[in-house]
Each structure stands twice: as C-alpha cells, then as structure tokens.
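A.B. asks: First the structure, which I've put down as structure tokens, then a few questions once you've had a look.
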Amino acid sequence: MIFWGKYAKIVKLNIHFNITKYEDVMIDYNSILNPVARDIKPSGIRKFFGIAATRKDCLSLGVGEPDFSTPTIFSQAGIKSINAGKTHYTANAGLLELRDLISKYTKQFIGVDYDPEDEILITVGASEGIDAALRAVCAPGDEILIPEPCFVCYAPLVSLCGAIPVPIECTIDDEFKLTPALLEEKITDKTKGLLLAYPNNPTGAVMEEDDLKKIVPIIEKHNLIVFSDEIYGELVYDDLKFTSIASIGDMRERTIVISGFSKYFAMTGWRLGYVCAPRQIIEVMHKIHQYSVMCASTVAQYTAYEALNTSLKNGFKEVHEMMLVYDTRRKYILKRLNEMGLDCFTPRGAFYVFPSVKSTGMDGEEFAYALLDAKNVAVVPGGAFGASGKDFIRISYAYSLDVIEKAFDLIEDFLHEIRG
C-alpha cells in the first residue's frame, strides 16, 4: 500500500521479485582477486583483539594508542577551522604553513633541513606515508630489508608493491638493535632498501647515534635507500637524545623520514602524518598521494598546525607532561615483571615492553591465549611482529596506572597458578 499525503489513496500493488540466492551464483573469486592482496595474512594484533573484544570486562594491555585525549588547545583549533568554513581541499601536499612548521621542527629536533615547498608531504597518518614511500621506490623483485620484531604493516606493504620483504631477526642479546653483521649478511644484488623503525614497536628498543653510525658505511657501500619510521621519535627515556639516521653524514640524500602527530600529540584518530625526503622522491610520492587520497583531512591539518606551533613556542609542554606519565608506568611495569621472574630488557622508547615468557614453558602465542582464557587479560603475542618475537609478548603502557595495576595483579596470579 502507498499513501500520498492528506489525500491518501490506497493502491494495491502486485509486485513479483525474482530473487536469486547468493549461493546459486557461481563465481570463482580466487581467480578475480589480486593474489598478493588475497594471500596477505591478517594482522596478528587485530586477529587476537578480535577474540579479546568478544570477552566481557576484558582488561587489555595491547593497543598501541595513547590513552590521553588530544589536548584541548589543539582540538579547539580544528573546531575553529570548521566554524570558519575551512572545510575544502588543501593543496595535495598539504597546507604550506603546516609544511613550513614541520621544516622548522625537523631542523630543531633532528638537525635536518627540508624545503617545505617540495621536500615535505602531508599524509593520512604515517601509515600512508610508509605505503606511498614504498610504492615510490620499490619495483617488482626488489628486496627490502626489515629488522624484526617490527610493526605488522611493513612486510605486507612491501609485498603489495611486488617487492620482497626480507626479515632481519634482531635479538634480545643486542637489545633488538640492528647490528652491522646482521645487516651485511642479508644484502644481495637485489637489495633496494632498508626499513628502520626506532624507537621500535613492539620492543621499545632505540638505535642511538653510535649504533646508527656503525651501519651507515654498509648502507652507503650498497647504495641503499632507508625508510626511517620515526613516529615514536619524541618518546625516549633515561635522558636519551633521539637521533635520526638522516642527520648522519650524507644520509639525508638517501633517507625517507616518515613521522606524524598520532603518538606524541595523542592525535591517532585525526590520521595525520608527514614525509620528508629529497625532492626527487617527494615528487613521485606526491603523484601517488594525489591519485589515491587527494589530500589529508583539512581539519586535522589545522589541528596539527596548532599542536606544532604551540609546542615549538612552549618547549613541547603537553608532550613532556604525557612523557612523565608514560615513564612512571614504564618503571612500574619493569619492576613488576622483574618481581614475577619474567625477563625483560629495559625499553628506552615508545610505550611498550617486550618481556620473554620462555621461562613459563610457553611461547608468546600460547601464553597470551592462556592468560586471556584464565584471567581475561589481553596482551599481544610477540610472534605477530616477526619470528624473532615468538617467545615474547608485547605489553603497552598507554593505559592508566589503575588498569595496569589490576592487569598485573591478575598476571601475577596466573603465573603462580601455572608454576604451581
């Protein structure tokens, strides 16, 4: 029946639907889909937390996202931009005034100068920056070296370019740092580049200036491009000074620096990152970026401008306040892990610890599932970050101390139970 306004008329309609059941449609989707994309394994992090999310009152120590809200002074700038009608596209490369600030920031923070006009690109998070950088450089058959344990997206993104991800298994004996011997051993005549990510997710490891200087001659000898993921660059502890490999010698000319606003400005949901690199590389990345996303969110860019502008003026006050809280949590977790008898080297960056669970007789995956089942506490199996993480778990301290204390009391109970 159909009704038309106040002059309602009742009309009988005889409608016949020809319904075909989906299961009757015989399509071989395997032959349609891109085999590389089809066969990529789902994120080990998301797989585990998909299970954890179904459990009521689960205590999670797994997500790598600041528990702080974006500082109000930054968010208000985004709101103001909306109210002012600044809701249109920006230039493909991003707001020039934001790129100019990033240039000032990199010069101050890592000691490397980039031209805001053609050496900086604003991206949809650091993730898009990594993707675009790899696509700009990698050709089918190229090999990209990836020190592991590492964040889960690197190898799949390399594979999607038709290139070959080559893992380098870093060990706890070297504090999960990349050593010259490990690097040299994996280089072949097909090696195009090296993807470095320090401070590291998941281990919290940091490559200091002396560590980086040791691998630079090898990089130069083999003419490699370095993709340097520096998203956690501001988050270092124990009075360490972050060093970008781009600042060493002539490495600026062969390094693509990728970073963003998510971690140290607590702006994960705003999805804003940036890439700094020589003009010739940015030019190609710019084309990929303009065809795939047009430009990053305008509102996010105005918010990031306020965050960076305010921080450059006040000495990164908001960032340091969050850092003090992270450091308190880091020290508390390390103390508890030592008391429980779980070996863990001291992480000096990011907001993760990476303890070994080998002493329990379980690997990281077995431990994580058993802990979830017994105590409803979620941590990430270390194997999700590469084979060298198999005997470890990742614990994030981007959670309140109250949550961390409750979770660790339950972990301690669990360890007592399994050890008898």
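The values are calculated or read from the model by the stated rules, or taken from the named source; none is laboratory data. Just so it is clear, the structure is predicted and the values come from calculations on it, not from any experiment. Cβ atoms come from the backbone with ideal geometry, glycine included; neighbour counts cover every protein chain shown. Each accessible area value is taken on the protein alone, full model and side chains, heavy atoms only, with ligands, DNA and RNA left out. Shrake-Rupley method; radii C 1.70, N 1.55, O 1.52, S 1.80 Å.
A.B. asks: Does the range 237-253 hold any residues that are open to solvent by 20 Å² or more (accessible area, probe 1.4 Å) and touching a Pro at 6+ places or on another chain (Cβ under 8 Å), and which are they?
C.D. replies: Arg252, Glu253
A.B. asks: Residues in the range 324-344 that are in a helix (DSSP H, G or I), in contact with a Pro (Cβ under 8 Å, 6 or more places away or on another chain) and of a type in the set (D, E, K, R): how many?
C.D. replies: Residues flagged as in a helix (DSSP H, G or I), in contact with a Pro (Cβ under 8 Å, 6 or more places away or on another chain) and of a type in the set (D, E, K, R) within the range 324-344 amount to 1.
A.B. asks: Filter the range 312-351 down to residues that are closer than 19 Å to Thr72 by Cβ and not hydrophobic (A, V, I, L, M, F, W, C), then give me how many there are.
C.D. replies: Summing the residues that are closer than 19 Å to Thr72 by Cβ and not hydrophobic (A, V, I, L, M, F, W, C) in the range 312-351 gives 7.
A.B. asks: Going by the structure shown, is Arg271 open to solvent by 20 Å² or more (accessible area, probe 1.4 Å), modelled with pLDDT of 95 or more and of a type in the set (Lys, Arg)?
C.D. replies: On the way: open to solvent by 20 Å² or more (accessible area, probe 1.4 Å): yes; modelled with pLDDT of 95 or more: yes; of a type in the set (Lys, Arg): yes.
When the stated conditions are applied, Arg271 passes them.
A.B. asks: Within the range 170-191, track down each residue that is over 24 Å from Asp343 (Cβ atoms), in contact (Cβ under 8 Å) with a residue 40 or more places away in the chain and open to solvent by 60 Å² or more (accessible area, probe 1.4 Å).
C.D. replies: Filtering the range 170-191 down to residues over 24 Å from Asp343 (Cβ atoms) leaves 180, 183-191.
Cutting the leftovers down to in contact (Cβ under 8 Å) with a residue 40 or more places away in the chain gives us 186-188, 190-191.
Listed by number, the residues that qualify are Lys186, Thr188, Lys190.
A.B. asks: Pairs only if they're at least six apart or on different chains, beta carbon under 7 angstrom, first in the range 214-225 and modelled with pLDDT of 95 or more, second in a helix (DSSP H, G or I) and hydrophobic (A, V, I, L, M, F, W, C); list them, first residue then second.
C.D. replies: Ile215/Leu183; Val216/Met251; Ile218/Leu183; Ile225/Val137
A.B. asks: Here's something else I'd like to know. Would you please name the residue that is nearest to the chain's Cα centre (by Cα), looking only at residues in the range 385-406 that are part of a helix (DSSP H, G or I) and crowded, with 24+ Cβ neighbours inside 10 Å?
C.D. replies: Phe385
A.B. asks: Any idea which of (1) surrounded by fewer than 20 Cβ atoms within 10 Å (Cβ to Cβ); (2) closer than 26 Å to Ser396 by Cα; (3) in contact with a Pro (Cβ under 6 Å, 6 or more places away or on another chain) is the one Lys214 doesn't satisfy?
C.D. replies: Unmet condition: (2).
A.B. asks: Residue under question is Leu415, and the condition is that it be more than 23 Å from the chain's Cα centre (by Cα), in a helix (DSSP H, G or I) and of a type in the set (A, V, I, L, M, F, W, C); does it hold?
C.D. replies: On the way: more than 23 Å from the chain's Cα centre (by Cα): yes; in a helix (DSSP H, G or I): yes; of a type in the set (A, V, I, L, M, F, W, C): yes.
Yes; evaluated as a whole, the condition is true for this residue.
A.B. asks: What number goes with the only condition from (1) hydroxyl-bearing (Ser, Thr, Tyr); (2) open to solvent by 40 Å² or more (accessible area, probe 1.4 Å); (3) touching a residue at least 24 places away in the same chain (Cβ under 8 Å) that Thr360 does not pass?
C.D. replies: (2)
A.B. asks: Please give the number of the condition Tyr198 fails out of (1) touching a residue at least 60 places away in the same chain (Cβ under 8 Å); (2) touching a strand residue (DSSP E or B) at 6+ places or on another chain (Cβ under 6 Å); (3) buried (at least 22 other Cβ atoms within 10 Å of the Cβ).
C.D. replies: (2) is the only condition that Tyr198 fails.
A.B. asks: For the range 218-236, which residues satisfy the criterion of being more than 20 Å from Ala136 (Cβ to Cβ) and either surrounded by fewer than 20 Cβ atoms within 10 Å (Cβ to Cβ) or in contact with a Phe, Trp or Tyr (Cβ under 7 Å, 6 or more places away or on another chain) (or both)? Step through it out loud before you land on a result.
C.D. replies: To start, the set of residues in the range 218-236 that are more than 20 Å from Ala136 (Cβ to Cβ) comprises 218, 220-221, 232-236.
Those that are more than 20 Å from Ala136 (Cβ to Cβ) and either surrounded by fewer than 20 Cβ atoms within 10 Å (Cβ to Cβ) or in contact with a Phe, Trp or Tyr (Cβ under 7 Å, 6 or more places away or on another chain) (or both): Ile218, Glu220, Lys221, Gly233, Glu234, Leu235, Val236.
A.B. asks: Here is a check on your reading of the model: is Leu334 without any contact (Cβ under 8 Å) to a residue 24 or more places away in the chain, among the hydrophobic types (A, V, I, L, M, F, W, C) and open to solvent by 30 Å² or more (accessible area, probe 1.4 Å)?
C.D. replies: No, not satisfied.
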